[in-house]
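Structure first, commentary second.
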Amino acid sequence: MCNEIDIGIKIKEIRIKKGILIKDLAKKCGISSSMLSQIEKGNANPSLNTIKSIAKELGVPIFQFFMEYDEPENRINILKEKDRKVISTREVTYELLSPETSSNIEFIRMILNEKGLESSIEPMPHKGEEVAFLLSGKAEITINNQSAIMYEGDSIYIPASAPHKWKNLHDKESVIIFAVTPPEF
């Protein structure tokens with residue numbers, strides 16, 4: 001059974017904790033104050049790109065909106081497959097593979113769902129550096145307006161703040177595993 005998490009409440013908590021006004025955050029994210037207010041109240045569902053933009057402007061990883069930090073740090077923390085945090089759209093599915101801790105690295109599985117679909121409309125930067133491994137399929141990676149094709153078993157380093165996006169070139173889904181430090185998603 002999936003636990004529902006209201007990301008709007010998390011966004012509001014982080015925004016208030018950082019002392020950011022709703023109108024200022026909305027403007028930086030390119031959305032209206034009323035839209036952000038509706039998201040925070042749980043009355044509107046933001047797109048993945050809007051969630052990425054809000055996370056970027058708040059300076060937090062996306063998955064922080066989906067996490068609960070109730071577990072003690074001094075015990076073995078295994079994340080069961082059924083308990084993974086998942087963000088899914090028609091184009092892409094992200095699964096947080098890292099147990100919920102406050103570590104400086106996270107491990108994520110990204111699935112590009114169908115041929116031709118992309119991880120984002122435009123290449124997007126984030127402050128974390130990452131290493132990605134194409135577990136299955138065939139994908140095009142675009143970094144800083146340069147593109148390359150990756151095949152199953154290939155890996156790549158993506159520098160911090162380098163705008164990038166993925167495109168599925170495989171007839172079925174393509175699966176990419178990546179580690180990011182500091183955590184971004």
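Determine, for each peptide in 23-30, 8-15, the mean count of other beta carbons within 10 angstrom over its residues, then list the peptides with the highest first.
On the way: 23-30: 16.1, 8-15: 17.8.
Most protected by this proxy first, the peptides run 8-15, 23-30.
Which whole-number value in Å² is the accessible area per residue of the range 38-150, probe 1.4 Å? Intermediate results must be reported in sequence, preceding the final value.
Working: 6180 Å² over 113 residues.
It amounts to 55 Å² per residue over the range 38-150.
Can you show me the helix-derived [θ] at 222 nm for the chain, built from DSSP H runs with n ≥ 4 at -39,500 (n - 2.57) apiece and divided by the number of residues, rounded to the nearest 500.
On the way: 4 runs with 39 residues, N = 185.
Per the formula, -6000 deg cm²/dmol.
Once fully extended, how much extra length lies between N104 and S136, figured as 0.36 nm per residue of separation less the alpha-carbon to alpha-carbon distance?
Full extension from N104 to S136 adds 8.9 nm.
For the chain, give the percent of accessible area contributed by carbon and sulfur heavy atoms, probe 1.4 Å, rounded to a whole number.
50 percent
Past the 18 Å Cα-Cα mark, which pairs from K82/K115; K41/K82; K56/K138; K28/K52; K18/K56; K85/K138?
K82/K115; K41/K82; K56/K138; K85/K138
Please state, to two decimals, what the Cα-based radius of gyration of the range 100-185 comes to when divided by 2.2 N^0.38 Å (N = residues).
It is 1.03.
Could you work out how far helix 7-17 tilts from the main Cα principal axis of the chain, as a 0 to 90 degree angle to the nearest 10?
60 degrees
Hey, what angle do you get for helix 48-58 against the long axis of the chain, alpha-carbon based, 0 to 90 degrees rounded to 10?
Taking Cα atoms only, the helix is inclined about 60 degrees.
In Å and from the alpha-carbon atoms only, list the Rg and Dmax of the chain.
According to the Cα coordinates of the chain, Rg and Dmax are 16.6, 47 Å.
The values are calculated or read from the model by the stated rules, or taken from the named source; none is laboratory data. The structure presented is a predicted model; accordingly, all values stated were derived computationally and were not measured. Glycine gets a Cβ as well: all are built from the backbone with ideal geometry, and neighbour counts include every protein chain shown. Ligands, DNA and RNA are excluded from the accessible area calculation, which covers all protein heavy atoms including side chains. Shrake-Rupley method; radii C 1.70, N 1.55, O 1.52, S 1.80 Å.
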